[in-house]
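Input: a single structure, listed below in structure tokens.
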Amino acid sequence: MSAVLEIEGLRKTYKSRRRGVRNALDGFDMRVETGQVHGFLGPNGSGKTTTLRTLLGLIRPDGGRMAILGHEVPAALPTVAGQIGAIVESPQFFPHFTARDTLSLLANAGQVPATRVDEVLELVGLRDRAGDRVKTYSLGMKQRLAVASALLKNPKLLILDEPANGLDPGGIREMRSLMRDLAESGMTVVVSSHILGEIQLICDSVTIISLGRRVAFGPVDEVLAAHSHGTVRVRLDAAEDLAAAAEVLSRNGVPVARHPDHLLLNGVEKPAMVNRLLAEHHLYASELAPVSVDLESVFLELTNTAPVPGQHRQVDESVRIGGAEQSGRAGGGWGA
Amino acid sequence: MSLYVTELRRLAKRRLTRIMLVLLVLGLAGVATALAFSSQQRSPAVVAQAQADADAQYRQAAKDWEKMVAECDAAQARGEQTEERYGPNCGRDWQPQPDMFDPEWSLPYEFNFRGEFEMIVAVFAGAVALFGFVVGASFVGAEWSTGGMMNLLLWRPRRLAVLGTKLAALLSLLAGVTVLLGALWTAAFWLIASTRGSTEKVTAGVWQSVGLGGLRALALILVAGAVAFALASLGRHTAMALGVAVGIGVISEIGIRIGTAIAGVSFGDRYVLSTYAMAWFEKQHKLLDYEACNLVQGACEPAEMIITWQQSGLLFGIGSALILFAAFWIMRRRDVA
Ligand SMILES: Nc1ncnc2c1ncn2[C@@H]1O[C@H](COP(=O)(O)OP(=O)(O)OP(=O)(O)O)[C@@H](O)[C@H]1O
Ligand SMILES: [Mg+2]
């Protein structure tokens with residue numbers, strides 16, 4: 001499979017006289033294969049939008065290389081721009097124009113046939129409101145218009161930065177099937193979102209970014225498998241035996257977490273082994289089930305952003321990989 | 001090409017463009033109407049009336065003078081002091097003369113195409129330049145501040161081409177509006193001159209200089225639009241251009257005037273922008289140095305300084321070129337976020 005999108009060692013540094021230097025992107029890598037729906041995940045401020053903006057030539061990188069559809073960008077952007085549809089973080093439109101005017105001006109500028117305008121308006125469900133001024137649109141309607149503008153070119157690569165932002169449940173579900181359909185028709189979709197349930201449903205692969213660096217990537221099931229840690233849930237016939245069971249298991253080197261009516265074990269490769277161990281001590285499991293992790297918990301673990309009771313996690317307090325050469329403050333942020 | 005047509009369409013679709021255009025037309029029509037009403041043709045009857053008025057005024061004045069002299073003589077005969085009240089020699093030296101009562105002064109105002117149209121062109125240029133400034137600033141300023149520019153750059157990643165095309169669209173609209181309204185403006189004043197004023201001595205040479213004045217007006221309007229465009233693009237906001245304009249206006253027209261007056265600088269007005277705008281239209285603008293005059297000693301010939309339209313052209317040309325260059329330079333490099 002060939003890559004539609006390749007990013008290697010991308011760097012973007014924001015310098016501010018007062019606050020020093022911020023590495024928004026710190027040697028970031030990413031690769032998206034043709035025809036995939038690729039999820040681009042990361043905590044707030046981790047650099048997703050910065051990556052997409054850089055990719056689209058809106059901001060200049062300070063280092064690294066990028067290629068779209070085999071062309072080096074930003075140099076070749078004028079050549080490939082016609083094949084990329086993108087929305088970057090709830091795009092704004094000129095508020096006094098109607099949706100149809102907005103799209104038709106874009107279509108004109110990009111030499112897209114005018115008939116395409118009504119097609120995409122229909123596609124995103126704005127057909128009957130297309131004559132209204134954008135100013136009068138609700139958040140979700142603006143978002144739909146943004147998606148319409150990205151689809152206008154019928155692109156080979158569709159980049160959507162938080163497309164579900166403001167969509168109603170029906171809209172989110174439509175967006176899900178839209179992306180699936182587009183991918184089936186051969187389009188490659190890169191979607192950044194915080195709604196991980198959605199991502200898990202629609203994405204073939206993901207890239208997870210934290211503080212400007214890639215912390216995980218690959219097909220969704222591989223990422224999940226790599227971080228499931230062989231978690232197993234154990235219930236016993238008699239709840240009062242839980243303490244004894246926990247005792248036995250931890251004595252045998254299995255990490256145990258106690259819950260009121262069950263135990264959670266970690267790093268279990270063969271659940272049968274657990275069963276044997278318990279039976280030897282006359283404890284009988286009524287349930288012994290591998291726990292399938294979801295993307296959300298993997299994400300929280302990988303980025304180290306799971307909420308801790310009694311603490312208020314600040315942005316930029318997520319995991320930094322290979323960050324030894326970084327400034328001393330834990331979690332990065334504005335360095336010297 | 002498609003981008004150029006698109007940008008023209010965008011510009012024409014904008015509400016501000018349309019509103020400003022309506023205001024501009026209304027304003028210009030107002031000026032023309034007011035002038036048409038105040039102008040009255042000097043028909044033989046009007047001229048005769050003015051002559052009669054002047055004659056009557058002269059006769060009245062002569063009568064008053066005779067009466068005054070007579071009063072004065074009588075007072076002198078009574079042995080009173082008259083110097084103070086009637087002047088020396090009983091004011092006999094101040095006998096009114098017929099030529100002191102020019103019938104010209106009694107004539108109503110008559111619009112003279114040859115003499116006044118150049119000034120009328122300057123008024124037109126000022127109004128359209130203001131239109132160009134506001135429309136130019138908001139055309140690109142609103143695009144930046146609403147994110148429209150970012151959207152467009154996703155479609156057309158060649159930034160300089162995008163900004164240049166937008167500028168070209170703006171300038172062609174301004175040129176079109178100027179030519180069209182300019183033609184109407186000329187026709188309107190020609191009509192006023194021929195029905196309610198005078199078209200005397202409007203020779204081919206006069207038309208030529210009207211044409212040149214029109215070209216200078218066009219240049220000023222395009223420069224105003226381009227500078228506003230560049231400033232708004234630099235500041236990514238319409239308000240940037242308007243703010244700079246107001247700031248420069250205040251500093252140049254008020255601050256420098258007051259400052260140079262206090263400091264007693266000769267020809268302080270040569271540092272004021274409006275001097276150059278006037279010179280641009282008048283072909284040369286004369287500054288007088290009253291600072292050098294000692295008015296207590298009576299009349300004085302103040303020193304002169306001439307500002308030519310070439311100097312204005314140079315100043316405006318270099319200034320706007322610098323601002324445009326900065327706008328394009330920054331456009332090439334900046335992060336669009
Ligand atoms: N113009 C800017 N000047 C300075 N810092 C910036 C600028 N734009 C972004 N940053 C910083 O770069 C980092 C990455 O921001 P970015 O917008 O890419 O995050 P994100 O992953 O899109 O977050 P979110 O999920 O909240 O959208 C943040 O720390 C942000 O503060
Ligand atoms: Mg973002």
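The values are calculated or read from the model by the stated rules, or taken from the named source; none is laboratory data. Remember, it's a predicted structure, so these values are computed and weren't measured experimentally. Glycine also receives a Cβ, built like all others from the backbone with ideal geometry; neighbour counts cover every protein chain displayed.
All but one of (1) more than 16 Å from ligand 1 (Cβ to nearest atom); (2) within 13 Å of another protein chain (Cβ to nearest Cβ); (3) under 20 Å from A:Asp181 (Cβ atoms) hold for A:Pro113; state the number of the condition that does not hold.
Among (1) more than 16 Å from ligand 1 (Cβ to nearest atom); (2) within 13 Å of another protein chain (Cβ to nearest Cβ); (3) under 20 Å from A:Asp181 (Cβ atoms), A:Pro113 violates only (3).
Could you tell me which of the residues A:Asp294, A:Asp316 is within 16 Å of ligand 2 (Cβ to nearest atom), touching a residue at least 60 places away in the same chain (Cβ under 8 Å) and of a type outside the set (A, V, I, L, M)?
Result: A:Asp316 is the single residue among A:Asp294, A:Asp316 that is within 16 Å of ligand 2 (Cβ to nearest atom), touching a residue at least 60 places away in the same chain (Cβ under 8 Å) and of a type outside the set (A, V, I, L, M).
Under 16 Å from the mean Cα position of the chain (by Cα) and within 30 Å of B:Thr146 (Cβ to Cβ), is that true of B:Gly243?
Numbers: under 16 Å from the mean Cα position of the chain (by Cα): no; within 30 Å of B:Thr146 (Cβ to Cβ): yes.
It is false that B:Gly243 is under 16 Å from the mean Cα position of the chain (by Cα) and within 30 Å of B:Thr146 (Cβ to Cβ).
In the set A:Leu178, A:Leu196, A:Leu160, A:Leu201, which member is within 14 Å of chain B (Cβ to nearest Cβ) and either within 16 Å of ligand 1 (Cβ to nearest atom) or surrounded by fewer than 21 Cβ atoms within 10 Å (Cβ to Cβ) (or both)?
So the residue among A:Leu178, A:Leu196, A:Leu160, A:Leu201 that is within 14 Å of chain B (Cβ to nearest Cβ) and either within 16 Å of ligand 1 (Cβ to nearest atom) or surrounded by fewer than 21 Cβ atoms within 10 Å (Cβ to Cβ) (or both) is A:Leu160.
Are any residues in segment B:288-322 surrounded by 12 or more Cβ atoms within 10 Å (Cβ to Cβ), under 26 Å from B:Glu116 (Cα atoms) and modelled with pLDDT of 85 or more, and if so, which ones?
B:Met305, B:Ile307, B:Thr308, B:Trp309, B:Gln310, B:Gln311, B:Ser312, B:Gly313, B:Phe316
Could you grab me the full set of residues in segment B:179-236 that are among the hydroxyl-bearing types (Ser, Thr, Tyr) and outside any helix (DSSP H, G or I)?
Within segment B:179-236, B:Ser198, B:Thr199, B:Thr203 meet the criteria.
Right, B:Ser266: more than 14 Å from chain A (Cβ to nearest Cβ) and closer than 27 Å to B:Leu167 by Cα or not? Reasoning before the result, please.
Values: more than 14 Å from chain A (Cβ to nearest Cβ): yes; closer than 27 Å to B:Leu167 by Cα: no.
So B:Ser266 does not fit the description; no.
When residues of segment A:11-30 are filtered for being farther than 16 Å from A:Ser210 by Cα and more than 8 Å from ligand 1 (Cβ to nearest atom), how many remain?
Residues meeting the conditions: 6.
Yes or no: segment A:18-36 includes at least one residue that is within 16 Å of ligand 2 (Cβ to nearest atom), part of a loop (DSSP other than H, G, I, E, B), surrounded by 20 or more Cβ atoms within 10 Å (Cβ to Cβ) and of a type outside the set (Asp, Glu).
Among the residues of segment A:18-36, not one is within 16 Å of ligand 2 (Cβ to nearest atom), part of a loop (DSSP other than H, G, I, E, B), surrounded by 20 or more Cβ atoms within 10 Å (Cβ to Cβ) and of a type outside the set (Asp, Glu), which makes the answer no.
Any residue in segment A:9-16 that is of a type in the set (S, T, N, Q), more than 16 Å from ligand 2 (Cβ to nearest atom) and in a helix (DSSP H, G or I)? Spell out the reasoning first.
At the first step, the residues of segment A:9-16 found to be of a type in the set (S, T, N, Q) are A:13, A:16.
Subsequent filtering for residues that are more than 16 Å from ligand 2 (Cβ to nearest atom) retains A:13, A:16.
Adding the requirement that they be in a helix (DSSP H, G or I) leaves none.
No, segment A:9-16 contains no residue that is of a type in the set (S, T, N, Q), more than 16 Å from ligand 2 (Cβ to nearest atom) and in a helix (DSSP H, G or I).
Within segment A:204-228, which residues are away from ligand 1 (no atom under 16 Å from the Cβ) and in a loop (DSSP other than H, G, I, E, B)?
A:Asp204, A:His227, A:Ser228
For B:Ala228, are the conditions met, namely being at pLDDT 95 or above and within 14 Å of another protein chain (Cβ to nearest Cβ)?
In short, no.
Give me the residue from segment A:78-94 that is part of a helix (DSSP H, G or I) and surrounded by fewer than 22 Cβ atoms within 10 Å (Cβ to Cβ) and, out of that set, farthest from the other protein chains (Cβ to nearest Cβ).
A:Gln83
Please go through segment A:37-72 and give me each residue that is away from chain B (no Cβ under 13 Å), away from ligand 1 (no atom under 12 Å from the Cβ) and in a loop (DSSP other than H, G, I, E, B), ordered by number.
Across segment A:37-72, the qualifying residues are A:Leu69, A:Gly70.
Quick check, is A:Leu288 closer than 18 Å to A:Glu240 by Cβ and not aromatic (Phe, Trp, Tyr)?
The answer is no for A:Leu288.
From the list A:Leu77, A:Leu52, A:Leu56, exactly one residue is farther than 25 Å from B:Phe139 by Cα and within 16 Å of ligand 2 (Cβ to nearest atom). Which is it?
Just one listed residue meets the conditions, A:Leu52.
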